[in-house]
1. On alpha carbon coordinates alone, what is the Rg over Rh value for the stretch 1-91, Rh being the Kirkwood radius?
2. For the peptides 47-55, 88-96, what is the packing order when you average, over each peptide's residues, the other Cβ atoms within 10 Å and list the highest mean first?
3. Might you report the magnitude of the Cβ-based charge dipole of the chain about its Cα centre, with Lys and Arg at +1 and Asp and Glu at -1, to the nearest 20 debye?
4. I want to check the label-to-label distance for PHE156 and TYR96. Put each point 7 Å from Cα in the C-beta direction and report it in nm to one decimal.
5. Taking the 0 to 90 degree range and rounding to the nearest ten, how far is the long axis of helix 86-99 tilted relative to the main principal axis of the chain, both from C-alpha atoms?
6. Going by average Cβ neighbours within 10 Å, how do the peptides 168-174, 187-193 rank, with the highest at the top?
7. Between ALA17 and ILE141, what is 0.36 nm times their sequence separation minus the Cα-Cα distance? Round to one decimal in nm.
8. Rule-of-thumb check for the chain: C-alpha Rg over 2.2 N^0.38 Å?
Amino acid sequence: MPYPIAHVMFFVLCISAAMTYVTLGAVFRKEITPTNMLNVIILLFVGGIAALFPDVTAVYNILVNGTIEHVNLGPIPTHSILFSSLAFFMGIGIGYVVYRKYDKAIYMGIFAESASLSHLLLDDLARYEIDYFYPLYNTPISIFSYVDSSISRGSFLHYLLACYISIMLLFVVIMMALFALEHLGFEFRFRPKNE
Ligand SMILES: [Zn+2]
């Protein structure tokens with residue numbers, strides 16, 4: 001499994017690249033206030049914690065069971081969309097404490113959920129099989145392994161579908177992060193210049 005820092009970097013530098021780009025620009029132009037910076041740090045904290053969320057059982061199992069098992073909490077696989085959705089509620093809780101507004105708390109929840117899902121995608125990219133659809137489908141799968149499936153091994157339609165599903169999943173997680181960020185102080189707009 002990728003190291004914890006890799007999960008945090010994948011989320012901050014790749015999935016939330018737009019946030020990092022906008023923040024760095026504001027820092028270099030000296031446009032960012034200490035309050036704005038605090039908001040960014042809170043987002044980085046929530047994103048970082050949520051990006052590590054599916055590995056939370058590593059700490060539990062080391063302390064309680066003396067093992068480094070980190071993909072199951074008892075019979076429940078932590079690397080599943082179901083378990084990752086707990087990050088959504090964690091984000092809502094932190095968001096409400098920080099902003100005291102229900103709508104912003106929901107957006108923080110979506111941001112945290114995108115971070116948690118990005119963990120599953122990076123583990124998948126590292127060629128581990130993930131219990132995405134537990135308990136509906138209990139066989140671990142690696143969606144990204146289909147990306148390099150050869151046309152000769154299946155039909156052209158299968159090849160296209162395999163590519164679409166993995167890339168679309170990555171796209172959806174990035175869109176979730178952007179959607180949440182747009183409501184948490186970041187603005188992404190197309191402003192055509194008048195010629
Ligand atoms: Zn993991």
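Read-outs throughout are calculated quantities, based only on the coordinates presented, and are distinct from any laboratory measurement. Worth saying up front: this structure is predicted, and the values here are computed from it rather than measured. Note that each Cβ is placed from the backbone with ideal geometry, even for glycine, and that neighbours are counted across all protein chains shown.
1. Rounded to two decimals, Rg/Rh equals 1.09.
2. 47-55, 88-96
3. Around 620 debye, computed over the chain.
4. In this crude label model, PHE156 to TYR96 measures out at 5.3 nm.
5. The two axes meet at around 10 degrees.
6. 168-174, 187-193
7. 41.9 nm
8. 1.13
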